[in-house]
1. Would you say A:TYR75 is of a type in the set (Ser, Thr, Tyr), more than 19 Å from A:ARG159 (Cα to Cα) and more than 10 Å from chain B (Cβ to nearest Cβ)?
2. Tell me the residue from A:ARG130, A:ARG110 that is facing chain B (nearest Cβ under 7 Å), in a loop (DSSP other than H, G, I, E, B) and surrounded by fewer than 18 Cβ atoms within 10 Å (Cβ to Cβ), please.
3. Quick check on the stretch B:100-112: of everything there that is away from every other protein chain (no Cβ under 14 Å) and among the hydrophobic types (A, V, I, L, M, F, W, C), which residue is surrounded by the fewest Cβ atoms within 10 Å (Cβ to Cβ)?
4. Out of curiosity, is B:THR998 on the phi < 0 side of the Ramachandran plot, in contact with a Ser or Thr (Cβ under 7 Å, 6 or more places away or on another chain) and touching a residue at least 12 places away in the same chain (Cβ under 8 Å)?
5. Evaluate the stretch B:627-650: report whether one residue or more is of a type in the set (A, V, I, L, M, F, W, C), assigned to a loop (DSSP other than H, G, I, E, B), touching a strand residue (DSSP E or B) at 6+ places or on another chain (Cβ under 7 Å) and surrounded by fewer than 24 Cβ atoms within 10 Å (Cβ to Cβ).
6. Is one or more of the residues making up the stretch B:87-99 more than 11 Å from every other protein chain (Cβ to nearest Cβ) and assigned to a strand (DSSP E or B)?
7. Does at least one position in the stretch B:923-942 carry a residue that is away from every other protein chain (no Cβ under 12 Å) and among the aromatic types (Phe, Trp, Tyr)?
8. Only one residue in B:LYS982, B:LYS1050 is of a type outside the set (Asp, Glu) and within 14 Å of chain A (Cβ to nearest Cβ). Which one?
Amino acid sequence: MIGEAPKVHPRPGPHGGNKHGKTLVKFFTRGTGDWDMGNFFPRWTNLLPLKILFAIFLVATGLAAAVATYWTKGYSVVGYQPDQPIPFDHSLHAGQLGMDCRYCHSHVERSSHANVPNAQTCWNCHSQIRTNSEKLVPLRAAMDESYAGYTGKPIEWVRIHKLGDYAYFNHSVHVNRGVSCVSCHGKINEMKVVWQDKSQTMGWCLDCHRNPATALRPLDQITNLNWRAEESDRESFYAALAHQTGTKVADLEKRAQERGFETKGPLTQKEIGSQLKEAWGVHPPESCSACHR
Amino acid sequence: MKRKWHHPEAELESGKRVYWRSYDELQDTPEFREWLEREFPRGAAEVSGSEADENTRRSFLKYMGASASLAGLGLAGCRRPDQFIIPFNKHVEEQIPGRPLYYSSARPVAEGCIPLVVTTYEGRPTKVEGNRLHPEWKGGSDVFTQASILDLYDPDRSAAFRKEGEVLGADRFLEEFEKGFLEPFRAAKGAKSALLVGASTSPTRDRLISELFKVSPGLQVFEYEPLLSLARRQADARLWGDGVSAVPVIDKADRILALDADFLGLDPQGESSNARWAARRSPGKAMARLYVVEPAFTLTGGVADHRMRLASSQVIKFAVLLAEQLGLASQVAPLAAKLGLARELIDAGWVKECAADLQSKKGRSLVLVGSRQPVEVHQIAGLINQALGAIQGASGPLQLVRHGRKPLPGIESLAAAIRSGAVENLVVTTPSDPLYDAPASAKWGESVAKLKSLVHLGVRHNATGRRATWHIPGAHYLESWGDVRSATGVLSIVQPMIQPLFGGWSELHLLLKLFPVPAASATAAAGGGAPAIAEDPGYTAVRDTFATLVKGDKELAWGLALRDGFSKGSKNPLAVPAAAPAALGFEASALADFPGPDAIEVVLTPSSHVWDGRFINNSWLQEVPDPISKLTWDNAALMSLATADALGVTHDGQLISIKGADGVSVEVPAFRLPGQADFTIQVELGYGQEAAGRVGEGTGFNVYPLLRKEGALICTGAKVERTGGKYALAPTAIHWSMEGRAIVRENTAAAYEEFVVKGHGEDWKNFSYNQGMDGHIPPNIPLYEGPDYFRPNKDQQGAPLGGRFTVDENHQWGMTIDLNTCIGCNACTIACQAENNIPVVGKEQVINGREMHWIRMDRYFSSPREKAGMTAQRVYVPEGRGRPAHDDDTVEMLTQPVACVHCEYAPCETVCPVNATVHSDDGLNSMAYNRCIGTRYCANNCPYKARRFNYFDYNKRRTSDFYLGPLAPAEGLGMTSLKLQKNPNVTVRMRGVIEKCTYCVQRLQSAKIDAKAKARDSRDVMVPTGSVTTACQDACPSRAISFGNLRDAKDPIVKLKEDPRNYDLLKYIGTRPRTSYLARVRNPNPKMPGAEHVGTGSFGGH
């Protein structure tokens, strides 16, 4: 190579030049024949289209990945925490005061819909307690006829959990068959202002419908949001189950061992759930028509 | 290119029948073949006509641009919109959000009521069902009752108080009405005032009217509805005394002869007649036999064992001939003398054998006469019934019920009183519309002009309402308190389900207003200090009446009546007939000659869509195909082929003018139907109203001008000619055709005896099971493995049911439909529409074949196959005559409701590209609407043509707005109230989605959920036997539809599936449908002429 003239890119001339330059120039000087005047594209522009394409590809891939991850219900609805007309504090009522969920959501065991309580339910206590609280003004407006701002208009609570109109969920069948409030709503008893805790997408529903053992618990613990399988007493759990199903504890334990549980040490959710699933014959539907009709 | 698979054709057998739906099918015309070879009818998938004009490419681009810019706007506001949950302030008793509440009520009809149970969700009624506790009805309802819920929410209902057409607020109206009408009325003690009411059996109304007479002695009361049978009332009074009516009890009769009486269809008589009739049609047990003499096919004629077509005006001659055969010659002698040609033209053999058969079951035979027949026929039938021993107190098939109501004078007397000046103020509460439907003899328009004031109370702002000085919006029966007695007198309370949506008044409310106001409450009545929610004044009135009608603890009785839907022991007493009926003074009105080409007989009938016109704005009723003609949205002049030939009618829809005997003329499109008496034209009343509302506007043709006298529904001597015009009708007879395969099956009672009762081994299969191709089913080799829902796999010991498929061991649903008791009344179709939020699509869309009914009511005609000149599967078509040689005298009719049959091996499921239609573990072929992308492959592959496609947003838009672009407002004006009717447990489908019968999956799911919620920690999750029903099953008045759990040995469905009459549709293609059918059994009298052709079933079968 030594001695040879350094290879420089020849200035594109009327009879030479690289392919791109020529094409570009030709394009702009078509018909005039005077190519020098149109040479305003620097050489680096030759690869520009490729670079742009690559950049678009990167951005698009990134965007798609971002949308696929973040524009899903797991991110878009979890954490939805609207302001309510009355800043009702679940952590106070259900947590500190230990009120049962069903005191207010009274029809949850009978209806598809876990009712938001009538103003009368609040009024049962709040006609006596903290009657002058600023926060309770909408309640007094609804219920207290002696109150100056009485309108009689019901309280408009902001809806937090919402399924598609084509999905039909039923509370009663879940709470009567061993699924706790906490499985779908999270630890409401610790929330000062309620937010949506679970994505409640179809995939999330099916996770549980396919593996109900992950959620089942004894029926007397449904509204105990602090219940933990690990803290349950093994002996009394098995004794109660044996009593209820009319079998022997030993048989139940044998079945658990067949399914790979050690039946020793602290109980696990899996062990409790799979025992209850078998004992109660829980077969959650997986057909479309179970929820879509 | 669509592959055409030709099903093998079955062998033809002589002596059997062919089944067809329309003359086109019978002739196998090219139009018919084209129609049926497409998966959806022509036009259904294509943009045409106005659609093409609207959706040009340019407007498409425009919309696309607009929606893109809107999307940009939408993104800016990314926040989730707030939705609110608004609980009641105070708990409403019994109300649980999300659970329906059921109340008993009753729908009042002219001569009785339909007892009901109404489903309400959060205070809005969504569905009505028959009351199964009612001692006389035991459930079931009819098509009008099912559709009446839509009337409640009709956005075109009268919603405003009007004075001389001007809308006034309720308060101001009341004030002015008080001053302008009520005060003068009370002051004059009703002088020169009259009340025009509809027919009703309400004890409270009777009481109020009689009390009103006491305080307003000048008041006169008249009664008018165009379809009342004045002749029957008159005959009953003459034969059995005043205040007595003869009520047939169909299940007590072994032999029934219906003279122009559609007692199973549009001319109901007695109570629950369909169910009672059905109860007597079980083959193998003493089957009742039904003879029908009628001018045109009715539902009753369709299920008859022997049917004679005879002009309506000639039925009296048949009655006379029959009376002679039954030894009553002397009583009918004055009429017999004038029979004329009848002795030759009416088949004497038919009359003789029919009479002999009635005679042979003395005491168990019954003759029924249609409402429109003249009083003489009713009287002759009364004589015959007495001679046949039908009247034996409570045990006979005809019971004389003493209701004690006095007949009221009719509209003709009222009109005369108005014209003579005796009546100047008129209060109209009749549900009919006299300005539209009054007979010519009343000269109603002229009479009304003479009135000083006209008060109209009506649910519809109809012609009378528009003419009225004072128009008061009426309350629907689901909005007001009332009471009603059934035909035998069982008292039911009409309970309101909801406050009047548009503030209407009930009839009782208006009557109470006519009473003098006690001084103390005068201010309250004038509107001073009205409570926030007005108490229905009818409530107190109904309770007061109730207290006078019951004995013992009235509070308890009231509670029980409300709970059960009837008051125990309230039946009316039976009357004892005089031993010898009073001498019958026959008026011997001149017997009309047989109709001919120059003197056509026109029979005016109640409409299967709009009744007498009152349901004109009910879109469900308008769109449900007429059970016989299959016409939607219109009425037409139905005529036989011979009549059409004589009048030069060559195509359906050609307009003809009908000129009545006194020169009045109406124009109606012609429609040809088999089985009709020649030179008799049948037309439905109630159409062609000017003040109809947005649904009913421009539908059909008004034939009320032909009604010359009150009750004169048979017009003889009409001149008919073609006018040259044409009119587009929308019949659905060949939509969703199943190509003449042995879909519908029947056989005779004799064959049942031979093959089933006395048969051995597999003989029973010769009854109906092997008809068509089913005797030669090739071995079925499925390509795909599917679950067996009933037998565990033998190879896998201890494996769960269904093998590797998930199968519900507790529930497998199945249905049977008994063609023997199904008469084709459409109640199921409408009940399904109400339950499942099925939209209407409008006439234009019906013409395109896009109707959405999940249950299509197939109607087949059948005729005996002729021996010579047969083409395969088709009857002989004589050269050059251009019409089939079927015989109008032997044609029979069958009906068959077909919905999705829920195949276990469903062809639709395998072709769905997105798994939107899949099988559920309880054996349903289910649709996930939110998954459907609208390829329509499933509909293409469905051998039963049971799938429907939403070509437009039928649920969101009015029928006139479908073709507007996507940016046009989605909801038409005033559709909001219709939303209240929707069943909250069923998805409202959108455009581009396939839908079909789901076996009412919402009911199944809620039953299963309730069972599980009740089971709690036990394994007992099976739905209790018989606790879940489908909407069609509930609505069926003859209990033809059975539904249940095939895994529940106690469920009656299990037995029905083993019935020898049970067969599957298209069994040989191996789809294993869950809905099966029970073949019809006809019970011909072997001695009757032509009996050998009756009900012999179709080809194949050997």
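1. Details: of a type in the set (Ser, Thr, Tyr): yes; more than 19 Å from A:ARG159 (Cα to Cα): no; more than 10 Å from chain B (Cβ to nearest Cβ): yes.
So A:TYR75 fails the test.
2. On the way: A:ARG130 fails: facing chain B (nearest Cβ under 7 Å).
Within the list A:ARG130, A:ARG110, the selection yields A:ARG110.
3. Filtering the stretch B:100-112 for residues away from every other protein chain (no Cβ under 14 Å) gives B:102-112.
Adding the requirement that they be among the hydrophobic types (A, V, I, L, M, F, W, C) leaves B:106, B:109-110.
On the way: B:ALA106: 31, B:VAL109: 20, B:ALA110: 18.
The selected residue is B:ALA110.
4. Working: on the phi < 0 side of the Ramachandran plot: yes; in contact with a Ser or Thr (Cβ under 7 Å, 6 or more places away or on another chain): yes; touching a residue at least 12 places away in the same chain (Cβ under 8 Å): yes.
Yes: the conditions hold for B:THR998.
5. From the stretch B:627-650, those of a type in the set (A, V, I, L, M, F, W, C) are B:628, B:631, B:633, B:636-639, B:641-642, B:644, B:646-647, B:649; that's our starting set.
Checking which are assigned to a loop (DSSP other than H, G, I, E, B) leaves us with B:628, B:633, B:636, B:649.
Those left that are additionally touching a strand residue (DSSP E or B) at 6+ places or on another chain (Cβ under 7 Å): B:628, B:633, B:636, B:649.
Those still in the list that are surrounded by fewer than 24 Cβ atoms within 10 Å (Cβ to Cβ) too: B:649.
Yes, some residue in the stretch B:627-650 is of a type in the set (A, V, I, L, M, F, W, C), assigned to a loop (DSSP other than H, G, I, E, B), touching a strand residue (DSSP E or B) at 6+ places or on another chain (Cβ under 7 Å) and surrounded by fewer than 24 Cβ atoms within 10 Å (Cβ to Cβ).
6. Initial filter on the stretch B:87-99 (more than 11 Å from every other protein chain (Cβ to nearest Cβ)): B:93-94.
Keeping just the survivors that are assigned to a strand (DSSP E or B) gives none.
No, the conditions are met nowhere in the stretch B:87-99.
7. yes
8. Details: B:LYS1050 fails: within 14 Å of chain A (Cβ to nearest Cβ).
After applying the criteria, what remains is B:LYS982.
The values are calculated or read from the model by the stated rules, or taken from the named source; none is laboratory data. Computed from a predicted structure; not experimentally measured. Note that we place each Cβ from the backbone using ideal geometry, even for glycine, and neighbour counts take in every protein chain shown.
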